[in-house]
Every structure is written in structure tokens, then in C-alpha cells.
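What follows is a set of notes on a single structure, which appears directly below.
Nothing in this text is a laboratory measurement; each read-out follows from the coordinates by a stated rule. Being a predicted model, the structure only gives us computed values, none of them experimental. As a convention, Cβ positions derive from the backbone with ideal geometry for all residues, glycine included, and neighbour counts pool all protein chains shown.
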Amino acid sequence: MNTFWLHRDQIYEQGLSLGFRVFSPGHLLWLAALALFCFLTGRLYRSLDEKGRDNMRKACGLAIVLLEYMKVIVLGLFGVHMAEFVPLHLCSAAGLGVLVWAMWPRMNWLGQVFNFYCLHTFVIHGLILAFFVWLFVSGEVVPNYKGLWQGALFMILFSIPIYFLDGAFGVNYMFIGMRSDVGVLATLWDRVVPTWGRPAFVLVFGLIMALVLHLFYGIYVLLGKLRDRRQGASRRSQ
């Protein structure tokens, strides 16, 4: 338990060999547990009436925000450098977005070391994911290309001040300020920045995110067409 409150930066500073790999059993177990959580709570959410769903959304939004600010308090109490841990990362913004949506649903444009920070990260990301799984499986949110521009506009508006904040204070909010230790982002940084600079990295990063969004929307549209075709064939056979 002497490492439970150690943050990643403190682990690096002390030269400790702690952590887990992406495909390690512990990480895969966490992902499986979160997937099961999303599945079970999604079924529960879909079975509730509107009052029950409203209570469930609000509880999730409050839990995410309280967990995020509890982390900030713990960071301060245990001497972590705070400059990069103000809640300005995209996941922190998503948590606030969940709370806003939960309170005002009409505003729908918005090796192992399992210590406090590791547990916090899994729980808060699992709750954010589960929240939108609930909305999807209940039919309250239906993905469509007409609404894609709203998410893209939010990302652009949110990232512009973050870009300059990262440059001014040497921090890495939204992973666009400096080289990240995340594999794909590290490779992208190494390939782009030495030749074209940080603005080109942000542009390429944004284009990749746009392609990923189109890929997911495309899969959803394709599955919808296949479902409609099967239903049409079934009706004709009757």
C-alpha cells in the first residue's frame, strides 16, 4: 500500500519499475469488467421509466465530476506537480458534459500497479463510456451525420485555447502540447514534429480523429442498412 498514492510522475522520479502493458492480463481484465458494466447497466437503463433514467443519468454525471475533483485534491495533498492536472483534458471536459446533459437533457450538443490514480482512471472512463452506452441502447441518442459537425465544432473550439495554453506553460492537455508516452501518439509526434513542427502534428492528429469518426459512423450506417434489408426481406416473405 506504500505505492497506492504515488502518481505516475512520482513513480518516474523515484525510478520505480511499476505499471502494466496494454495487453497484460490485468489491463484486459479491467477492460472486460468495464464492458460487462456497460452491458448490464445499459440493459438496466433501457428497462427504466423516464424518472428512473433521469436519476441514473444525474447520479452518473455527479459521480464523474466528484471523482475528478477528488483526484485533484489528492494530487495536491500528496505533492504532485499540479500544472498539468487542472481538469482541462478532453476526458475531464467530457465528464462535465455528461453532468450538463444529465441535468439539462435538452442540451444534447455536448507489470501491475493498481493504485488510486489507476483505479480512478478506469472508473471515470468507464462511467463516461457507460453513460453514452445508456443513451444509445435506449434510443435517446441516434448517431447520424447531421449531428457530426456539432462534435467537430466543440473539439475545434476546445482545442484552440488548449493549444496555446500548452505552448505557454509547457503542459500537455489534449496530448497536443508535447510528446506523449502513448504509443501511437509518440510515433506520430516523432514522424511529424521534427520536420513540420507542432502545428502540423495537431492538424494530422485532427484529421486522424475525423477519419476515425467517419469510420465509426460508417459502420453504424452500414449495420443499419443491413438490418433494414433483413427486416424488409422478412416482411416480404410473410
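Using Cβ counts within 10 Å as a stand-in for footprinting exposure, how do HIS27, HIS81 rank, fewest first?
Details: HIS27 16, HIS81 12.
Arranged by neighbour count, lowest to highest, HIS27, HIS81 become HIS81, HIS27.
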When a footprinting reagent is the concern and you count Cβ atoms within 10 Å, what order do CYS60, CYS118 take, fewest first? CYS118, CYS60
Taking the dipole of the chain about the Cα centre (Lys, Arg +1; Asp, Glu -1; charges at Cβ), the one of VAL141, LEU34, LEU16 that reaches farthest to the positive side is VAL141
Work out how much length ARG191 to ILE208 would gain on full extension: take 0.36 nm times their residue separation and subtract the Cα-Cα distance, in nm to one decimal. 4.7 nm
So I have (1) 38.5, 142; (2) 20.4, 70; (3) 53.9, 203, and one of them is Rg and Dmax of the Cα atoms in Å calculated from this model. Which one is it? (2)
Karplus-derived HN-Hα couplings along the range 24-41 (A = 6.51, B = -1.76, C = 1.60, θ = phi - 60°), whole Hz, x at Gly and Pro: 6, x, x, 5, 5, 5, 4, 5, 5, 5, 5, 4, 5, 4, 4, 5, 5, 5
Charge dipole of the chain built from unit charges on the beta carbon (Lys, Arg +1; Asp, Glu -1), centred at mean Cα; most positive-end Cα among LEU188, ALA93, LEU153 is LEU153
Which ³J(HN,Hα) values, rounded to whole Hz and listed in residue order, are derived for the range 165-173 from phi using the Karplus coefficients 6.51, -1.76 and 1.60 in 6.51 cos²θ - 1.76 cosθ + 1.60 with θ = phi - 60°, glycine and proline given as x? 4, 4, x, 6, 10, x, 10, 9, 4
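Which value, in debye to the nearest 20, gives the size of the charge dipole of the range 2-99 about its Cα centre, when Lys and Arg are +1 and Asp and Glu are -1 at the Cβ?
Working: 9 positive and 7 negative charges, 80 e Å.
In total the dipole reaches around 380 debye.
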Distances longer than 19 Å among the Cα atoms of the range 1-142: what percent of all pairs is that? 57 percent
Residues of type lysines that LYS58 reaches as a straight line, Cα spacing below 24 Å, ignoring anything fewer than 8 places off in the same chain: LYS71
